[in-house]
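Below is one structure, written out as structure tokens; comments come after it.
The values are calculated or read from the model by the stated rules, or taken from the named source; none is laboratory data. On a predicted model such as this, the values are computed, not experimentally measured, just so you know. Quick reminder, even Gly has a Cβ in these numbers, built from the backbone with ideal geometry, and neighbours come from all protein chains shown.
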Amino acid sequence: MNISDTGDAAIHLEGKRLGTGKRSDLEYRALQIFGKEVQVGLDRSEGSRILADEISLYPAGHSDLEPELVINHAPLALNSAGYTNPASHWTLKDGFITKSSRGDIYFHLDSAHRLTHIDFQDQPEKGWWWSQVSRFANIQFADAIQSIGQTFHELIMVPSVYFDPRRFLVHASAFEAPSGGIIMIGGTGGVGKTSLALALCREHGYRFVNDDIAVISEEGHVWPNLAYPKIYAYNVEGNLPLKRQIVGQGGWLNQFHWQFHLQLGPDRVRRRVSPQALFGTYSPLGGRLQQYILLVREDRSDLLVEPMEAAQAAHLSRLVIETEQYAMKNHFLWDAYNRIVNQEVPSLLISDVFDRWERLARQVFSNAECLILHVPRQMDHLTFKDRVVSLITTGTF
């Protein structure tokens, strides 16, 4: 039975489980993701094949060790009753399910509300023609199956950090400097993080760590988040070799899609590209945070760099990540609502999560150089990129 096929408020299905969530019908890959031992169970579907290729960027894990997290890509099997309020969220006795156009994701929790494993399944296909229409309408010319790596990182691995008392998230790009140490560039969406990472990692010997969401331990280690970077049209402005790599190799329909969506604006078309293909190399293990630069756009005449206290950096970063993680934030609020209505204890209070992240960030940022870079709102993209890259590479802040 597919979850998407039922609208019942209460559900009950039986599924076979082995140990801490592993299933006998799947083939498992042991990997080190975000500094954790993770085992990913794959079936024989096209989605699993694509996912296996994308997650192969991570270092191999130890299949003989007990995994810290098990993730199964296969049709869901439910083993407890639950309630759906609203339709996109199901609260169950042993966890909750998030539902979206990308698929259904089942977060399994134990009696102490600790995350044990995650199951996820694709949405049912609606036919070849519908798939093609959906693909062309999509900003990155991909359907849900082709975007499975994005789903894995954004809707599964990143949310798993909510349950981890030793890690926190920052909305930032990160890269390893040629001299060692991690530089992280944070800020709201569209402020210029990806453009700087592209220039530094393609032209100046820096090594890619992550493009969008940084995962940081309480010791200050920035772990690689190897989700494929999302490259927008404005990221390739003035860079013909990069544009040819992003758009030129995908066939005429891919190029037509790019040009068509470009008419809607340079922020309305993008492509996901492997960091290996983009940069030729990347940092498989990450490293210790050395410098955190927060970008802000404002009405001013020139760039201004100021030092930033760890507490301020942590609080501003919290404000940004709360807005960036609004979808998952809502699921925890709905889960709390459903459990309180049914006189149960909420599995997790989202305010506690963000409080913990801010506390950990303040601790980590106190051991790194924190800067706030004020950028003129009207500064053109190429000038911005060249000026900031020069500041970073020469260390002349």
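In this structure, is residue 84 under 14 Å from residue 328 (Cα atoms) and buried (at least 21 other Cβ atoms within 10 Å of the Cβ)? If you could, list the steps in order and put the result at the bottom.
On the way: under 14 Å from residue 328 (Cα atoms): no; buried (at least 21 other Cβ atoms within 10 Å of the Cβ): yes.
No.
Mind listing whichever residues of segment 304-333 are farther than 18 Å from residue 362 by Cβ, touching a strand residue (DSSP E or B) at 6+ places or on another chain (Cβ under 7 Å) and in a helix (DSSP H, G or I)?
Correct list: 324, 331.
Any idea which of 389, 353, 345 is closer than 24 Å to residue 195 by Cβ and β-branched (Val, Ile, Thr)?
Answer to the selection: 389.
State yes or no: is residue 317 of a type in the set (Ser, Thr, Tyr) and in contact with an Asp or Glu (Cβ under 7 Å, 6 or more places away or on another chain)?
no
Got a number for residues in segment 187-225 being closer than 15 Å to residue 286 by Cβ, under 15 Å from the mean Cα position of the chain (by Cα) and either assigned to a strand (DSSP E or B) or among the basic types (Lys, Arg) (or both)?
10
For segment 166-186, state whether one or more residues are within 25 Å of residue 89 (Cβ to Cβ), in a helix (DSSP H, G or I) and at pLDDT 90 or above.
No, segment 166-186 has no match at all.
Report yes if some residue within segment 121-143 is assigned to a strand (DSSP E or B) and within 30 Å of residue 312 (Cα to Cα); otherwise report no.
no
In segment 233-252, which residue that is in contact (Cβ under 8 Å) with a residue 12 or more places away in the chain and in a helix (DSSP H, G or I) is farthest from residue 137 (Cα to Cα)?
Going through the qualifying residues, I end up with 242.
Is one or more of the residues making up segment 260-274 touching a Lys or Arg at 6+ places or on another chain (Cβ under 7 Å), outside any helix (DSSP H, G or I) and under 18 Å from residue 57 (Cα atoms)? Explain how you work it out, then say what you get.
Keep residues of segment 260-274 that are touching a Lys or Arg at 6+ places or on another chain (Cβ under 7 Å), which gives 261, 270, 272.
Next cut, outside any helix (DSSP H, G or I) only: 270, 272.
So of that shortlist, the ones also under 18 Å from residue 57 (Cα atoms) come out as 272.
The answer is yes; a qualifying residue exists.
Being modelled with pLDDT of 95 or more and touching a Ser or Thr at 6+ places or on another chain (Cβ under 6 Å) is the filter here; which residues of segment 11-34 pass it?
Once the filter is applied, which keeps residues that are modelled with pLDDT of 95 or more and touching a Ser or Thr at 6+ places or on another chain (Cβ under 6 Å), segment 11-34 yields only 30.
Please list, ordered by first then second residue, the pairs with beta carbon atoms under 6 Å, 6 or more apart or interchain, first in segment 174-187 and touching a residue at least 24 places away in the same chain (Cβ under 8 Å) and acidic (Asp, Glu), second surrounded by fewer than 24 Cβ atoms within 10 Å (Cβ to Cβ) and part of a loop (DSSP other than H, G, I, E, B).
As it stands, the answer is 176/283, since those pairs meet every condition given.
Restricting the search to segment 188-202, which residues are at negative phi, in contact (Cβ under 8 Å) with a residue 60 or more places away in the chain and not hydroxyl-bearing (Ser, Thr, Tyr)?
The first filter runs over segment 188-202 and keeps only residues at negative phi, leaving 188-189, 191, 193-202.
Subset that is in contact (Cβ under 8 Å) with a residue 60 or more places away in the chain: 188-189, 191, 193, 195-196, 198-202.
Passing the criteria: 189, 191, 193, 196, 198, 199, 200, 201, 202.
Looking at segment 111-140, I want the residues that are surrounded by 14 or more Cβ atoms within 10 Å (Cβ to Cβ) and have a partner that is in a strand (DSSP E or B) and of a type in the set (Phe, Trp, Tyr) with Cβ atoms under 8 Å, at least 6 apart or on another chain. Which pairs are those?
These pairs meet every condition: 115/107; 118/106; 118/107; 119/106; 120/106.
Given the condition under 26 Å from residue 155 (Cβ atoms) and not small (Gly, Ala, Ser), answer yes or no: does some residue in segment 296-315 qualify?
Start the filter on segment 296-315 by keeping residues that are under 26 Å from residue 155 (Cβ atoms), which leaves 314.
From what's left, not small (Gly, Ala, Ser): none.
Looking through segment 296-315, none of the residues is under 26 Å from residue 155 (Cβ atoms) and not small (Gly, Ala, Ser).
For the subset of segment 144-165 comprising residues that are part of a helix (DSSP H, G or I) and among the small types (Gly, Ala, Ser), which member is farthest from residue 102 (Cα to Cα)?
The extreme case among them is 160.
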